[in-house]
């Protein structure tokens, strides 16, 4: 398990709002399309002399799905359309076909590239399906803190108003809690090393005509770090997502993964966040829609 843990530690060194490059540290979204489990290479990079392609035949991936994790192998690659668009037309991408024990995993979510000698035997990894635990007590415990954080973000400019919104100077300079509409769409308790009462949740806030969706981490009644935005360029409402936690070490360093169990109108989505005591970090946000949804 050591090789995998080193790779994931590098991927999750510090909290942040912006996703790293596609495929960074060997982490990719995995989709089922036309009955196959596939990774699309959206951002192929020139290979150095002697370097093997990250999604080439024989490459091995630890695939985390809705029911657990198993090892898979790339059996072939081919150029195909699907998964990305430009100017309302589908792009031709290279796709990697995965082969492995699909029946044990449910829906695929992410693939983590591992070395040829990687084995699952002796793994201490923990896997959890996460039900929504939000109730009235959640709002009582966290509502004021969420609104206070939104007010701070408006004042310092990190709450970005949309171009078609025209908030008053008073709203931007001295917003009031009653001017913020807020709801908590999902939340669950998790073991996060260094936090006494970790609770990860997704909140949606609206100020004026501007809407923002955030993944946040709390320790009891206190928010940990900043909002990690879940922008609506990936369009699924939170209610359409399902959530799992995967902790490779089993020591309280989990990943929160979100996925669409079946494609909504606008295509499948995959999200990944690392959760640490310093705060959450976005490691993956991706959507797969071969129909060029920007043309709808």
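The values are calculated or read from the model by the stated rules, or taken from the named source; none is laboratory data. The structure presented is a predicted model; accordingly, all values stated were derived computationally and were not measured. For neighbour counting, all protein chains shown are included, and Cβ atoms are generated from backbone atoms with ideal geometry for every residue, glycine included.
In region 206-222, the qualifying residues are those that are part of a loop (DSSP other than H, G, I, E, B) and at pLDDT below 95, and the one that is nearest to residue 146 (Cα to Cα) is 208.
Annotation for region 147-166: no member residue is surrounded by fewer than 14 Cβ atoms within 10 Å (Cβ to Cβ) and in a strand (DSSP E or B). Where residues in region 61-116 are touching a helix residue (DSSP H, G or I) at 6+ places or on another chain (Cβ under 7 Å) and at positive phi, which of them is surrounded by the most Cβ atoms within 10 Å (Cβ to Cβ)? Across region 61-116, the extreme among qualifying residues is 68.
It is to be established whether one or more residues within region 181-200 are in the same structural domain as residue 285 (by TED's automatic domain parsing) and over 30 Å from residue 247 (Cβ atoms). Yes; the residues of region 181-200 include at least one that is in the same structural domain as residue 285 (by TED's automatic domain parsing) and over 30 Å from residue 247 (Cβ atoms).
Of everything in region 19-44 that's touching a helix residue (DSSP H, G or I) at 6+ places or on another chain (Cβ under 8 Å) and modelled with pLDDT under 85, which residue is surrounded by the most Cβ atoms within 10 Å (Cβ to Cβ)? Here the residue is 25.
Screening residue 199 against (1) closer than 23 Å to residue 32 by Cα; (2) part of a strand (DSSP E or B) leaves a single unmet condition, (1).
When the residues of region 167-176 are filtered to those that are part of a helix (DSSP H, G or I) and free of Cβ contacts under 8 Å to residues at least 12 places away in the same chain, which remaining residue is surrounded by the fewest Cβ atoms within 10 Å (Cβ to Cβ)?
Among those that are part of a helix (DSSP H, G or I) and free of Cβ contacts under 8 Å to residues at least 12 places away in the same chain, it is 169.
Condition first: more than 30 Å from residue 249 (Cβ to Cβ) and part of a helix (DSSP H, G or I). Now tell me which residues in region 117-146 satisfy that. Answer for region 117-146, where residues must be more than 30 Å from residue 249 (Cβ to Cβ) and part of a helix (DSSP H, G or I): 136, 137, 139, 140, 143, 144, 146.
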